[in-house]
Amino acid sequence: MNNDTYEIYRRQVFDFLWQEVEPLAAGIEQSGVFPRDELFPKFREHGLWGLLIPECYGGKGLTTKQYLPFLAEFSKVAGVVRVLLHVHNTSARAVASYGTEAQKEWLLPALAQGKSSLTFAITEPNSGSGMDVACQAVRDGSEWIVTGTKHYITNAGFADLHLVCCRTHEEPVVHHNRRALTALVIPAETADFTIEPMPRMMGNNGPHHGILHFDGARVPLDSIIGAEGDGLEVFLGELEPSRAFVAASSLGAAERALEIAIDFSKHRKTFSKTIAARPSIQSELAEMARDVYALKLILEDVAEKIDKAQDCALEASIAKLTGLETVMRVTDKALDVTGGRAYFTDYPYPLERIYREARINLAEEGTPSIQRLVMARALLEQPTPLAIGTLGDPYQPAGTNPALGMNSPADLAYAHDHKSKNRSK
Ligand SMILES: Cc1cc2nc3c(=O)[nH]c(=O)nc-3n(C[C@H](O)[C@H](O)[C@H](O)COP(=O)(O)OP(=O)(O)OC[C@H]3O[C@@H](n4cnc5c(N)ncnc54)[C@H](O)[C@@H]3O)c2cc1C
């Protein structure tokens, strides 16, 4: 979408979000009921089901850089809307990236219209979210027979399709077999497939998270997205941009919390002065703004890398973790600035709701320890010189080493020998 059209579209959607969705947010959260009949057609009207689907399949075809501001704004107005549309759009992106032409023609136009919705189902109760997936799909003539359980699956309450990460390798769970997993599209109406609703959550209630039970459910062999054995690539490949998507949602929630803190501090008077005049409050606001701005800059960089199809596992995980830490710090500080009022629901700001909603970012697309694992692995695989902290193109003058400077590797060997000599004493 060109810049002028994008800017008009962005404003039109933001008007809709603040004028028509924001007033509903508190009620949705309290009731846990999403007004699908009212909002789903409006999402369609505004193109929100197809933000990442190419225009030729009826979507908006936004770049990552264009998409992130939408996620941030969804988060500012209603976490539940962000969660629901984030999962729908991420799953649609997986089909657009890895589906065959026939699958794209089958799925994308309906997904772009919100006539169909696809969940993204990896997590299992008795496995980690990765190569030890246990949900099994066994080939039987022209079908797969699927057996296993997925839980916490967002949008399970209304989606008609599920993108399910299955083990298609014949052997039992084999770690580090990168070709053992396959992505299958499984319709909700499939026999021997049931969905159990999950309990109420800390926040973002409404999109109906579910537990998917497959008890020998049969689907055609061509239900695969990508090829057999591509599952890890399809799911983990989508997790990389999706980490930036979650970080953008953290940015939106953090900025709303900052807005609330500033507004409150300008109005609340103690000892006949606004609290905004107090250096301790000013210091809190300054720290919050610093956090928000740093996250924004990280996201701009990551978005550019994703749009250029550059490998950015390290940067995407940095963004995800920084996003989480930012939104936790900023919402905590906003609670401090707003005093006792913050502890009450919508009194008058929705800070208590935003605080709870933002905590979902802990688990989404991997916990902090998983982000650190990904970051360390990616960092250790980087060529030297590192590009992560270099402004401009990395350049290392000939004859120098980015770690040792003008010293030679022999000096390092001496350091090792020296150490081992000491140890043997
Ligand atoms: C509201 C909500 C919605 C969700 N939606 C979806 C969805 O739509 N689709 C989907 O597939 N999943 C979904 N998830 C699941 C989410 O991705 C997982 O909760 C998250 O990846 C953590 O997995 P887990 O809950 O199994 O935690 P666990 O794996 O039990 O982790 C517990 C702790 O152990 C640590 N840990 C686990 N393994 C390791 C390891 N190898 N090394 C070091 N530390 C480790 C974790 O970091 C964490 O701190 C959702 C979760 C929530 C809460």
What pairs from K104/K305; K60/K333; K65/K269; K60/K266; K115/K150 go past 32 Å between their alpha carbons? K60/K333; K65/K269; K60/K266
Could you work out how far the C-alpha centroid of the range 135-213 sits from that of the range 290-358, in angstrom? 30 Å
Rounded to the nearest 5, what % of the DSSP beta bridges within the chain are antiparallel ones? 85 percent
Under the 0.36 nm per residue contour assumption, what length would be gained going from the current alpha-carbon distance of R290 and D4 to full extension? 100.0 nm
What length, rounded to one decimal in nm, is gained on full extension from T190 through to F344, with 0.36 nm per residue of separation minus their alpha-carbon distance? 51.0 nm
The FRET efficiency for E101 and V33, from their Cβ-Cβ distance with R0 = 56 Å and rounded to 0.05, is 0.90
Whole-Hz ³J(HN,Hα) for each residue in the range 161-168, computed from phi via Karplus 6.51 cos²θ - 1.76 cosθ + 1.60 with θ = phi - 60°, x for glycine and proline: what do you get? 9, 10, 8, 10, 7, 10, 7, 10
Excluding ligands, DNA and RNA, the carbon-plus-sulfur percentage of the accessible area of the range 120-230 with a 1.4 Å probe reads 53 percent
Sites excluded, GluC sites (Glu not before Pro) in DSSP loops with at most 10 other C-beta within 10 Å, longest stretch of the chain: 190-425
How much of the accessible area of the range 269-425, probe 1.4 Å, is carbon plus sulfur, in whole percent? 59 percent
Would you mind calculating the relative contact order of the chain from Cα pairs under 8 angstrom and at least 6 residues apart, reporting the percent as a whole number? 14 percent
Quick one: accessible area per residue over the range 120-230, 1.4 Å probe, rounded to a whole number of Å²? 44 Å²
Run the accessible area of the range 42-97 with a 1.4 Å probe and give the carbon-and-sulfur part as a rounded percent. 46 percent
For the R11, T274 Cβ pair and Förster radius 30 Å, calculated FRET efficiency rounded to 0.05 is 0.40
Distance from the Cα centre of the range 50-78 to that of the range 85-101, in angstrom? 12 Å
Taking amide hydrogens as modeled 1.01 Å from N in the peptide plane, which residues meet the under 5 Å criterion relative to I53, leaving out close sequence neighbours? K60, G61, L62
Where labels lie 7 Å past Cα in the beta-carbon direction, separation of A363 and D301 in nm: 3.1 nm
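The values are calculated or read from the model by the stated rules, or taken from the named source; none is laboratory data. What you are looking at is a predicted structure, and each value in this text was computed from that prediction instead of being measured. In this analysis, Cβ positions are derived from the backbone assuming ideal geometry, glycine residues included, and neighbour counts consider all displayed protein chains. Calculation scope for accessible area: heavy atoms of the full protein, side chains included, ligands and nucleic acids excluded. Shrake-Rupley method; radii C 1.70, N 1.55, O 1.52, S 1.80 Å.
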